[in-house]
Amino acid sequence: MLLLAADTSGKDGSIALARGHDNGTCEVIEVIPLAGGTFSAQLVPQIAALLAKHGFSKNDLGGFAVASGPGSFTGLRVGLAAIKAFAEVLHKPIAAVSLLEAIAVNSDRDGKVVAALDAGRGQLFVGEYKIGSEKVQCTGERLVNRTELMIASDAVLLSPDSSVVEAGRAAGAKAELVDRPRSDVIARIGWTKILAGDVVSPEVLDANYIRRSDAEIFSNKYAGPGSGKNETRRTG
């Protein structure tokens, strides 16, 4: 199956074209970087150019994988909207991949792993995972203050942000600086999810913000009691 993956969750992003095989392997054909701040202008033209470069059209695509967050509110919306549009027109499956899961899986570690990202405002996005030879189990994703960071002694903290690694070490954790996953990692994890039937429809696909946007916070501030707004927003 020809697979298109996109990651617009960070300051910079990328798209990847890959071919998934029934034995579980995923062959990455090419990764194209996307400059931050211009995702909305770049994404669809770059996808079209990538497909044309390798002799494909959008009709050759069999599935999609997309980084669903956490990350930039604006960036995530751009990437998700594009993937939703393609999948809806082509009637193809979408695999939503948490960036925290991508950090954990890309480490090639077994056992307990804590993936973390700088969330700004003195906070961290944290995801806890148990990684086995054939299964990755998420035991929770949450937003914590740096001062609340606690890592089990049998787990290792992984982050592409040096300040997060320093915070982990200051808290007494085993912490390691890793590369931020690109869309090729999203493609590989996405293909595993597609094979397992862990897919979503365009209507269900949503961003894993973990915390609400400033707009939601501002709106809820004046909504009063009983507004029904939750403190966190996550996909299933």
Tell me which residues, restricted to region 79-112, are more than 25 Å from residue 40 (Cα to Cα), surrounded by fewer than 24 Cβ atoms within 10 Å (Cβ to Cβ), touching a residue at least 12 places away in the same chain (Cβ under 8 Å) and of a type outside the set (Lys, Arg). 105, 106, 107, 110, 111
Among the residues of region 88-124, how many are within 18 Å of residue 26 (Cα to Cα) and β-branched (Val, Ile, Thr)? 4
Evaluate region 169-182: report whether one residue or more is in contact with a helix residue (DSSP H, G or I) (Cβ under 9 Å, 6 or more places away or on another chain), modelled with pLDDT of 95 or more, β-branched (Val, Ile, Thr) and farther than 28 Å from residue 87 by Cβ. yes
Where a residue in region 184-212 is over 27 Å from residue 123 (Cβ atoms) and its partner, wherever it lies, is of a type in the set (Val, Ile, Thr) and part of a helix (DSSP H, G or I), with Cβ under 9 Å and at least six apart: 188/105; 192/105; 198/192; 202/83
Options 37, 24: the member that is free of Cβ contacts under 8 Å to residues at least 40 places away in the same chain, out of contact with any strand residue (DSSP E or B) (no Cβ under 7 Å at 6 or more places or on another chain) and more than 19 Å from residue 206 (Cβ to Cβ): 37
Take residue 71 and decide whether it is in contact with a Cys (Cβ under 8 Å, 6 or more places away or on another chain) and surrounded by 17 or more Cβ atoms within 10 Å (Cβ to Cβ). no
Hits in region 183-236 - residues which are at pLDDT below 95 and on the phi > 0 side of the Ramachandran plot: 210, 224, 226, 228
How about region 26-48: which of its residues are assigned to a strand (DSSP E or B) and of a type outside the set (D, E, K, R)? 26, 28, 29, 31, 32, 33, 34
Could you say whether any residue in region 70-79 is among the hydroxyl-bearing types (Ser, Thr, Tyr), farther than 15 Å from residue 15 by Cα and assigned to a helix (DSSP H, G or I)? yes
Hey, any hits in region 81-94 for a residue that's assigned to a strand (DSSP E or B) and outside the structural domain of residue 140 (by TED's automatic domain parsing)? yes
Is at least one residue of region 49-58 outside any strand (DSSP E or B), surrounded by fewer than 24 Cβ atoms within 10 Å (Cβ to Cβ), modelled with pLDDT of 95 or more and of a type in the set (Phe, Trp, Tyr)? yes
I'd like the full set of residues that are touching a residue at least 60 places away in the same chain (Cβ under 8 Å) and surrounded by 21 or more Cβ atoms within 10 Å (Cβ to Cβ), limited to region 113-169. 125, 141
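The values are calculated or read from the model by the stated rules, or taken from the named source; none is laboratory data. Since we're looking at a predicted model, the values are computed, not measured. Backbone-built Cβ (ideal geometry, glycine too); neighbour counts: all protein chains shown.
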